[in-house]
Number of protein chains: 4
Amino acid sequence: MAANINNHMLESILEQVRPLLGQGKVADYIPALASVDGNKLGIAICTVDGQRFQAGDATERFSIQSISKVLSLVAAMRQYDEDEIWQRVGKDPSGQPFNSLLQLEIEQGKPRNPFINAGALVVCDMLQSRLSAPRQRMLEIVRQLCGVADIAYDATVARSEFEHSARNAAIAWLMKSFGNFHNDVSTVLQNYFHYCALRMNCVELASTFLFLADQGRAPHLSTAVVTPLQARQINALMATSGMYQNAGEFAWRVGLPAKSGVGGGIVAIVPHEMAIAVWSPELDATGNSLAGIAVLEQLSQRLGRSVY
Amino acid sequence: MAANINNHMLESILEQVRPLLGQGKVADYIPALASVDGNKLGIAICTVDGQRFQAGDATERFSIQSISKVLSLVAAMRQYDEDEIWQRVGKDPSGQPFNSLLQLEIEQGKPRNPFINAGALVVCDMLQSRLSAPRQRMLEIVRQLCGVADIAYDATVARSEFEHSARNAAIAWLMKSFGNFHNDVSTVLQNYFHYCALRMNCVELASTFLFLADQGRAPHLSTAVVTPLQARQINALMATSGMYQNAGEFAWRVGLPAKSGVGGGIVAIVPHEMAIAVWSPELDATGNSLAGIAVLEQLSQRLGRSVY
Amino acid sequence: MAANINNHMLESILEQVRPLLGQGKVADYIPALASVDGNKLGIAICTVDGQRFQAGDATERFSIQSISKVLSLVAAMRQYDEDEIWQRVGKDPSGQPFNSLLQLEIEQGKPRNPFINAGALVVCDMLQSRLSAPRQRMLEIVRQLCGVADIAYDATVARSEFEHSARNAAIAWLMKSFGNFHNDVSTVLQNYFHYCALRMNCVELASTFLFLADQGRAPHLSTAVVTPLQARQINALMATSGMYQNAGEFAWRVGLPAKSGVGGGIVAIVPHEMAIAVWSPELDATGNSLAGIAVLEQLSQRLGRSVY
Amino acid sequence: MAANINNHMLESILEQVRPLLGQGKVADYIPALASVDGNKLGIAICTVDGQRFQAGDATERFSIQSISKVLSLVAAMRQYDEDEIWQRVGKDPSGQPFNSLLQLEIEQGKPRNPFINAGALVVCDMLQSRLSAPRQRMLEIVRQLCGVADIAYDATVARSEFEHSARNAAIAWLMKSFGNFHNDVSTVLQNYFHYCALRMNCVELASTFLFLADQGRAPHLSTAVVTPLQARQINALMATSGMYQNAGEFAWRVGLPAKSGVGGGIVAIVPHEMAIAVWSPELDATGNSLAGIAVLEQLSQRLGRSVY
């Protein structure tokens, strides 16, 4: 099915996009992110029929940041009934920056979706309520999905995030004031920042997220990660809310369910076919990897794989 | 490809969904819409390989309302270069009710997307600038796409809308104050309300929108309606902004690009396969057909045709 | 009572403030205002015991703009019962720019107070409903209050305002959509812009507004303009909402009920003592006369006449 | 000067207003406030020439709540230069509920004025930076101003407030995210809630706030509390922002600088004449004492003492 993909083609796409490097801006709200080399550019693909492709800096680990919001949602969907989750967080695009409190106040503490900060914090609050060691458990899940034993948190990034956590603390406390946050704010923020501080490379990310392309199944695991319906639902959520305020523009240009992080990573899914991970640290104005989107746009065009 | 669809299956879905009738609310902001029978329920499907299916009230015409926003966008994409359009209207979900002025004021008169009222009004303003008789031209386009000669505006609905047009007039004047509306407000509102007042039935709608499923081609037309890329882009826009504030929930449940109208119609696209039109006049809280969504959810599940 | 006021003192205040000229910005949203000489600076005072003082450009007429909002409110208070007015417009500070639609949409078309544009437009709508020739009637009222027969509208300014009226039209239409605007939008806007286009000088303004300092009585009129209670209430409204978003800062610095206009005029009241009018066309960031406020601050300090 | 005031007159006003009891709602967000008897009604007046008047429950202590915001501002004005304070908090009405985060996010963490929660929290943060024991210091200030040695914090109320402090914590953290909050959030909240939990009666409040009526001087103290200019400025701030969202309506009805608290107390100032304290625990929709405002309205009318 992916007959026309090969490493050479991926390299050619990277070369085509490379002139964009220098036009974006590496996230600089914490020193640990600001020091990343803006020239990095990598891509990896895992297909449901077992092929692996890669090009550029595909094996260099980076901070996955908000890409982890998908993983924490998956963890919550395995611990909670559907109703328990969706009465506390919505499924619709927010139309607001990812860390805004405006809408959250108007809508009385129920975040629009699990991929904005407020929504991810509610999900982390739910995990804290049900898991005995949520940070350790997340590591186990990711290592298992990825099949790589040494995936780890970047303690420096996590600590630095926590030291700059005022905005997220405000979000958590606001939700608490509406009864939609149950655990200690500081504890949950620590978990949240650790998840964001997971270090993974493109190959590991593509491998980890392959189950979303394959109806919830990870090839090397005996039990399904999620059901086929849940995989489809998570993809739907990524398609409408995975790229911060830019979901519509991204659908227009690329047309794939995807989730980005301010570390410059983006994971995209071609349902029934493949998981793609790209990395380029420089961000556009909405916080998405500028060159990363361009790589996905090229790839989607060459493969003819927009879902629309 | 659509081997498992047949009229009996569609009838069975309608029966399954019919108990929902009575739980929504027919649009009542103008008398001409308020008087519609809330028990109507119909569906029609046109496939790219020429098959036609239908069930229920599929041949009874109704007011297509905001579904027309796709048609006016298509008309504009045929008259304007891409840049000319998208500097005046965005492509991202609004996260706000379809007729809100809040975001429009903050974002200085540039609407988030062409499927909220503000965006559609900008598109109509663009058509007024380039077409000599925009109302007549739209009729020609629709009749041609649909292959039905007697498609017409419902003059009563159009007049009634115009008499209750204060909110849309406020939107247009606000855009004018930011320089993003060029023609006479009243004239453009008249066009806009006529487009909304198009009367079509499910069979006609499915037929009209088939080009979006078939890479821009309408089977009976010698020239493409839009390019394959444009068809994909319009579908992407419907997927992220076609269901008012409910794009995420709809993607989660149904997983198809779609556009709804307060007349109770919804058009949905299965790319490369078929166009679907459903009709049930009672609306949910966000203004989408309550039973219509349920019909599409059933159909998507039975066919396994979510795009995600 | 005003023993320590004299023209020399006023001249000395003007000299002290004159260095501020050049630091503000003349209103430039219409050509007719943009062409005003920014170096103008004048002040006039009328006391309840019949004294008159003046300095600088006190006899040069300018566009009174929003100062007219007090006059239209007075006209409405003479035509309507209290309840009829205050169910359609509030009495509290808006905390928003004078021409914002945000709050108006959230609060369903009821403006916060009669001194923001929305509130003044509702008042003008009320006058249109009750007066046979509202524009002529306003001229009569002002000429009578002022005792000057040739007070007139500046037709060029009124026309120019109307040509740039999109924002105010949006406000009026939004209120109409909530049922809080009854007459033809265009007609009421014309009235509103004519009131704003009244040309008066500082001497005439101080004379016109003296009734607010004298419990509703104008010295040369046999009947009261408003009741003592109403005079007190209008002063209260000016104190909390008369200086756009700057009511608190102005109360802190000056401490007098006042109403400003983007023509650079400000009328201030020392209850039971005097009416003051200042003029300096350059505005600060909130749209108030920059040097005008400074003049009033000096005067208030020298006289010890803050009401607080 | 206050020749026409006497205790009998105050009692007569209380009787006139008493029928309003039952129409408001005692604050119930913490149990310690919810249990207060809604039928309490008291008033006390201290004049600058040394007279004392009182009626009703004037000697029963209650939780002064937001009235303390004036005291903390006074404390800050004695510790900081003017510029240091007003670069961190504004002076203008907010037009928003007292505990809203909306405006605070839009205006990047600078509260509109020191009498909304956000502004008072910034002031408390400033006190924490400069005072070695801010809670003890505030007690000393109040006891000194009041001349009563046993004024104390209600520990139950303070603790209960702290347990329900999520909203205020969100506000503080949001300001911290903008760099406008320097100390430990929890510590400052504790101070803030203790100030709110001061228990005082009407007689003590009128006595404490007399300096604002007397140009900054407290009769029994050898040094001025604040300068005459500062007293005037604080009164101005109360006049424009002291009654939550209701500043305009209160100025219209009563016409005096005033500050209310959700414990049902209101302190009002007649500049150069007297300080007034009223207490009635039932609140109106904006959080001000319903009967308390009515008492002040009656008093203002009978005395003819509106400042406007």
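Taking the criterion of being among the hydrophobic types (A, V, I, L, M, F, W, C) and either touching a Cys at 6+ places or on another chain (Cβ under 6 Å) or crowded, with 24+ Cβ neighbours inside 10 Å (or both), the residues of region C:159-172 that qualify are C:Ala170, C:Ile171, C:Ala172. Of C:Ile141, C:Ile106, C:Ile116, C:Ile151, all but one fail to be surrounded by fewer than 19 Cβ atoms within 10 Å (Cβ to Cβ), of a type in the set (Val, Ile, Thr) and either within 14 Å of chain D (Cβ to nearest Cβ) or without any contact (Cβ under 8 Å) to a residue 60 or more places away in the chain (or both); the exception is C:Ile106. Just checking, does region C:240-254 include any residue being within 23 Å of C:Arg137 (Cβ to Cβ) and either among the β-branched types (Val, Ile, Thr) or touching a helix residue (DSSP H, G or I) at 6+ places or on another chain (Cβ under 8 Å) (or both)? So far as region C:240-254 goes, no, none of its residues is within 23 Å of C:Arg137 (Cβ to Cβ) and either among the β-branched types (Val, Ile, Thr) or touching a helix residue (DSSP H, G or I) at 6+ places or on another chain (Cβ under 8 Å) (or both).
Rundown of residues vs (1) in contact (Cβ under 8 Å) with a residue 12 or more places away in the chain; (2) among the aliphatic types (A, V, I, L, M); (3) surrounded by fewer than 24 Cβ atoms within 10 Å (Cβ to Cβ), yes/no style:
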| position | (1), (2), (3) |
| --- | --- |
| A:Gln215 | yes, no, yes |
| A:His220 | yes, no, yes |
| A:Gly255 | yes, no, no |
| A:Glu282 | yes, no, yes |
| A:Glu297 | yes, no, yes |
| A:Gly304 | no, no, yes |
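Within region D:200-209, not a single residue is surrounded by fewer than 21 Cβ atoms within 10 Å (Cβ to Cβ) and either assigned by TED's automatic domain parsing to the domain that holds D:Ile269 or not basic (Lys, Arg) (or both).
Of all residues assigned to region B:20-37, none qualifies as being part of a helix (DSSP H, G or I) and farther than 23 Å from B:Asn201 by Cα. Could we say that C:Gln54 is within 27 Å of D:Arg112 (Cβ to Cβ), in contact (Cβ under 8 Å) with a residue 24 or more places away in the chain and outside any helix (DSSP H, G or I) here? Taking the combined requirement at face value, the residue does not satisfy it.
Here is a check on your reading of the model: is C:Gln233 at the interface with another protein chain (Cβ under 8 Å from one of its Cβ atoms), outside any loop (DSSP other than H, G, I, E, B) and of a type outside the set (Gly, Ala, Ser)? Judged against the criteria, C:Gln233 is a match.
If I filter region C:74-88 for residues that are surrounded by 18 or more Cβ atoms within 10 Å (Cβ to Cβ), closer than 30 Å to D:Gln103 by Cα and outside the structural domain of C:Ala27 (by TED's automatic domain parsing), do I get at least one hit? Yes: one or more hits. When residues in region D:275-286 are screened for being in a strand (DSSP E or B) and within 14 Å of chain C (Cβ to nearest Cβ), 1 of them pass. Within region D:174-191, restricting attention to residues that are within 11 Å of chain A (Cβ to nearest Cβ) and closer than 16 Å to D:Ile116 by Cα, the residue that is surrounded by the most Cβ atoms within 10 Å (Cβ to Cβ) is D:Met175.
Of the residues making up region A:237-255, those that are at the interface with chain B (Cβ under 7 Å from one of its Cβ atoms) and either on the phi > 0 side of the Ramachandran plot or more than 14 Å from the chain's Cα centre (by Cα) (or both) are A:Gln245, A:Asn246, A:Gly248, A:Glu249, A:Ala251, A:Trp252, A:Gly255. Scanning region B:27-44 for residues that are out of contact with any Cys (no Cβ under 9 Å at 6 or more places or on another chain), in contact (Cβ under 8 Å) with a residue 12 or more places away in the chain and of a type in the set (A, V, I, L, M) returns B:Ala27, B:Ile30, B:Ala32, B:Leu33, B:Val36, B:Leu41.
Within region D:263-274, does at least one residue satisfy the condition of being farther than 30 Å from C:Asp214 by Cβ, away from every other protein chain (no Cβ under 13 Å) and not in a strand (DSSP E or B)? Yes, some residue in region D:263-274 is farther than 30 Å from C:Asp214 by Cβ, away from every other protein chain (no Cβ under 13 Å) and not in a strand (DSSP E or B). Might you let me know whether region A:1-17 holds any residue that is under 25 Å from A:Gln245 (Cα atoms) and not aliphatic (A, V, I, L, M)? No, every residue in region A:1-17 fails to be under 25 Å from A:Gln245 (Cα atoms) and not aliphatic (A, V, I, L, M). In region B:101-110, is there at least one residue being outside the structural domain of B:Trp173 (by TED's automatic domain parsing) and either within 20 Å of the chain's Cα centre (by Cα) or modelled with pLDDT under 95 (or both)? No, the conditions are met nowhere in region B:101-110.
So that you can scan it fast, the table gives a plain yes or no per residue for (1) of a type in the set (Val, Ile, Thr); (2) touching a Leu at 6+ places or on another chain (Cβ under 6 Å); (3) at pLDDT below 95:
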residue: D:Leu41; (1), (2), (3): no, yes, no
residue: D:Val48; (1), (2), (3): yes, no, no
residue: D:Gln65; (1), (2), (3): no, no, no
residue: D:Val74; (1), (2), (3): yes, no, no
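The values are calculated or read from the model by the stated rules, or taken from the named source; none is laboratory data. This structure is a prediction, so every number in the text was calculated from the model and none was measured. Ideal geometry is used to build each Cβ from the backbone, glycine not excepted, and the neighbour counts take in all protein chains shown.
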